[in-house]
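A.B. asks: So that we are looking at the same thing, I have put the structure below in structure tokens.
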Amino acid sequence: MTTHIALLRAVNVGGKTQVAMAALKTMLADLGFANPRTLLQSGNAVFESKDLGGAALEVLLERELEARLGLKTAFRIRTAAEWADLVARNPFKAGAKADPSHLLVMFLKDPPSAEAVAALQAAIVGRERVEAHGRQAYIVFPDGIGRSKLTPAVLEKRLGAGGTGRNWNTVLKLAAMAGV
């Protein structure tokens, strides 16, 4: 069995695209996934599967979420091994330890190009810092996400892809849930 971490994009934020985590957990169980569990109300789940993974799993979950719960949104899936790797590759380890709520990991469908990352870095007008590794972009918001001009729209436009972000505290909680 492979442990998967599933992240829903833009759920339970600002009163839009609402989904109860109990309903998500039930959906995962009904689909035959083992040991489904959720974290927080922002669309985080951990479960086990032996047959599906990667993009096929994202497509299945997106289709089933819409059919069963009437919600159309994207999933980003990582295995426990991929999660352990993205934790280990954090380029901002000192900042993550000192101020984990100001480090965001943006989970993307595909790795951004070096040119896209450079364009994003060039677009930064504040003290934020960005580095990308694989299908993740690590973003430090030293003055807080709410005050930053580096908005989700800017991130997605410059990186050329939609993603979903989690702060470092949540990343570590999900790592613990996944046993990594």
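The values are calculated or read from the model by the stated rules, or taken from the named source; none is laboratory data. Only a predicted model underlies this, so the values are computations on that prediction, with no experimental measurement involved. Cβ coordinates were reconstructed from backbone atoms using ideal geometry, including for glycine residues, and neighbour counts include every protein chain displayed.
A.B. asks: Checking the conditions here, which among 117, 154, 140 is closer than 23 Å to residue 43 by Cα and at pLDDT 90 or above?
C.D. replies: Numbers: 117 fails: closer than 23 Å to residue 43 by Cα; 154 fails: at pLDDT 90 or above.
Checking each option against the conditions leaves just 140.
To keep it simple, each residue is scored yes or no on (1) closer than 15 Å to residue 137 by Cβ; (2) of a type in the set (Val, Ile, Thr).
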| residue | (1), (2) |
| --- | --- |
| 48 | no, no |
| 58 | no, no |
| 73 | no, yes |
| 84 | no, no |
| 103 | yes, no |
| 106 | yes, no |
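A.B. asks: Could you check region 92-115 and list, in sequence order, the residues that are of a type outside the set (Lys, Arg) and exposed (fewer than 14 other Cβ atoms within 10 Å of the Cβ)? Steps first, answer last, please.
C.D. replies: Filtering region 92-115 down to residues of a type outside the set (Lys, Arg) leaves 92, 94-96, 98-108, 110-115.
Once the filter is applied, which keeps residues that are of a type outside the set (Lys, Arg) and exposed (fewer than 14 other Cβ atoms within 10 Å of the Cβ), region 92-115 yields 94, 98, 101, 110, 113, 114, 115.
A.B. asks: Follow-up question, since we're still on this one. Only one of (1) polar (S, T, N, Q); (2) more than 15 Å from the chain's Cα centre (by Cα); (3) closer than 14 Å to residue 165 by Cα fails for residue 101. Which number is that?
C.D. replies: (2)
A.B. asks: What are the residues in region 137-160 that are over 16 Å from residue 100 (Cα atoms) and not small (Gly, Ala, Ser), if any?
C.D. replies: 147, 149, 150, 151, 152, 154, 155, 156, 157, 158, 159, listed by residue number.
A.B. asks: Is it the case, given these coordinates, that residue 148 is farther than 30 Å from residue 34 by Cβ, outside any helix (DSSP H, G or I) and out of contact with any Leu (no Cβ under 6 Å at 6 or more places or on another chain)? Please lay out each step first, then the result.
C.D. replies: Details: farther than 30 Å from residue 34 by Cβ: yes; outside any helix (DSSP H, G or I): yes; out of contact with any Leu (no Cβ under 6 Å at 6 or more places or on another chain): yes.
Yes: the conditions hold for residue 148.
A.B. asks: Sticking with this structure for a sec: Filter region 121-145 down to the residues that are part of a loop (DSSP other than H, G, I, E, B) and aliphatic (A, V, I, L, M) and list them by number. Don't jump to the end; show me each part of the working.
C.D. replies: Going through region 121-145, the residues part of a loop (DSSP other than H, G, I, E, B) turn out to be 124-128, 134-135, 141-145.
Of everything in region 121-145, those that are part of a loop (DSSP other than H, G, I, E, B) and aliphatic (A, V, I, L, M) turn out to be 124, 125, 145.
A.B. asks: In addition: Limited to region 163-178, what total is found for residues that are surrounded by fewer than 17 Cβ atoms within 10 Å (Cβ to Cβ) and either aliphatic (A, V, I, L, M) or over 15 Å from residue 87 (Cβ atoms) (or both)?
C.D. replies: Selection size over region 163-178: 2.
A.B. asks: Okay, next question. Looking at 20, 45, 6, which one is surrounded by fewer than 17 Cβ atoms within 10 Å (Cβ to Cβ) and not assigned by TED's automatic domain parsing to the domain that holds residue 130?
C.D. replies: After applying the criteria, what remains is 20.
A.B. asks: Would region 58-71 turn up any residue that is in contact (Cβ under 8 Å) with a residue 24 or more places away in the chain, within 17 Å of the chain's Cα centre (by Cα), loosely packed, with under 14 Cβ neighbours inside 10 Å and over 16 Å from residue 166 (Cβ atoms)?
C.D. replies: no
A.B. asks: Please name all residue pairs, on different chains or six or more residues apart, with Cβ atoms under 6 Å, provided the first residue is in region 139-162 and is in the same structural domain as residue 102 (by TED's automatic domain parsing) and the second residue is surrounded by 14 or more Cβ atoms within 10 Å (Cβ to Cβ) and of a type in the set (Gly, Ala, Ser).
C.D. replies: Short answer, once both residue conditions are applied: 140/95; 141/148; 156/162; 158/119; 158/123; 159/116; 160/116.
A.B. asks: Taking region 61-107 as the region of interest, how many residues are out of contact with any strand residue (DSSP E or B) (no Cβ under 9 Å at 6 or more places or on another chain) and farther than 21 Å from residue 178 by Cα?
C.D. replies: Counting residues in region 61-107 that are out of contact with any strand residue (DSSP E or B) (no Cβ under 9 Å at 6 or more places or on another chain) and farther than 21 Å from residue 178 by Cα gives 10.
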